[in-house]
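Trainee: Take a look at this one; I'll ask things after.
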Amino acid sequence: MARIPDMTSDCASCAALCCIALAFDEGEDFAIDKPAGLPCPNLDPQLGCSLYNRLEQEGFKGCVVYECRGAGQRVTQELFKGDTWRNSPEITQSMMEAFATMRRVHDGIELLLAAERLDLPASLEAEREDLLEHFAPEDGWTLEELEAFPQTSAPKRLSAFLPQLRDFV
Ligand code: SF4
């Protein structure tokens, strides 16, 4: 049976993963360029944002609208037991990769939950439920399982499943 995780982002429980893992392009959404993997210069020592109350005014609208769907805190708390890349630099790469995969997993869960509202034929509904069990396993994820996930059949099956919903939207 699938276990749906909390998909509301909780920045206080996250190791600021979006603030290190994502790349920025200077422009309308970001005041600076930043490559993926480099911590944002606006991070404070506690991994809070020093611009938190004035992000838009300072040119960081992209941070205001970004939503990780709960992937960040899940990686930080469930997979790394609250550790951070700042305390343990050796886990930085692994944390960022886990964050990227968990975002994909949570995006998939959201799509599969949205599909529940459609009047699907039995075969598609069965595929939706089976996929949901792969994206939201009852026992959650270990780091090893999450790392292996992109190579499993589930992401490809989701890609094949979604276009089939067009007739039922
Ligand atoms: S500006 Fe603040 S919220 Fe945006 S990436 Fe930098 S530290 Fe994070």
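The values are calculated or read from the model by the stated rules, or taken from the named source; none is laboratory data. No experiment lies behind these values; they were computed from the predicted model shown. When we count neighbours, we look across all protein chains shown, and the Cβ atoms used for this are built from the backbone with ideal geometry, even at glycine.
Trainee: Across region 53-80, which residue is surrounded by the most Cβ atoms within 10 Å (Cβ to Cβ) among those that are away from the ligand (no atom under 11 Å from the Cβ) and among the basic types (Lys, Arg)?
Mentor: If we take residues in region 53-80 being away from the ligand (no atom under 11 Å from the Cβ) and among the basic types (Lys, Arg), then Arg74 is surrounded by the most Cβ atoms within 10 Å (Cβ to Cβ).
Trainee: With Glu133, Glu125, Glu138, Glu144 as the choices, which residue is out of contact with any Gly (no Cβ under 7 Å at 6 or more places or on another chain), more than 22 Å from Thr101 (Cβ to Cβ) and among the acidic types (Asp, Glu)?
Mentor: The match here is Glu125.
Trainee: While we're here: Taking region 1-15 as the search range and keeping residues that are over 12 Å from the mean Cα position of the chain (by Cα) and within 11 Å of Ala136 (Cα to Cα), which one is surrounded by the most Cβ atoms within 10 Å (Cβ to Cβ)?
Mentor: Step by step, filter region 1-15, then rank; the result is Ala2.
Trainee: OK, next. Please go through region 16-31 and give me each residue that is more than 7 Å from the ligand (Cβ to nearest atom) and in contact (Cβ under 8 Å) with a residue 24 or more places away in the chain, ordered by number.
Mentor: Residues satisfying the conditions are Leu17, Ile20, Ala21, Leu22, Phe24, Glu28, Asp29, Phe30, Ala31.
Trainee: Can you name every residue in region 3-37 that is closer than 11 Å to Met96 by Cβ, in a loop (DSSP other than H, G, I, E, B) and of a type in the set (A, V, I, L, M)?
Mentor: Answer for region 3-37, where residues must be closer than 11 Å to Met96 by Cβ, in a loop (DSSP other than H, G, I, E, B) and of a type in the set (A, V, I, L, M): Ala15, Leu22, Ala36.
Trainee: Okay, next question. Could you tell me whether Phe168 is aromatic (Phe, Trp, Tyr) and touching a helix residue (DSSP H, G or I) at 6+ places or on another chain (Cβ under 6 Å)?
Mentor: No.
Trainee: Here's another thing I want to ask about it. Please list, ordered by first then second residue, the pairs with beta carbon atoms under 7 Å, 6 or more apart or interchain, first in region 47-67 and of a type in the set (A, V, I, L, M) and assigned to a helix (DSSP H, G or I), second modelled with pLDDT of 95 or more and near the ligand (Cβ under 8 Å from one of its atoms).
Mentor: Cβ pairs passing all conditions: Val64/Leu55.
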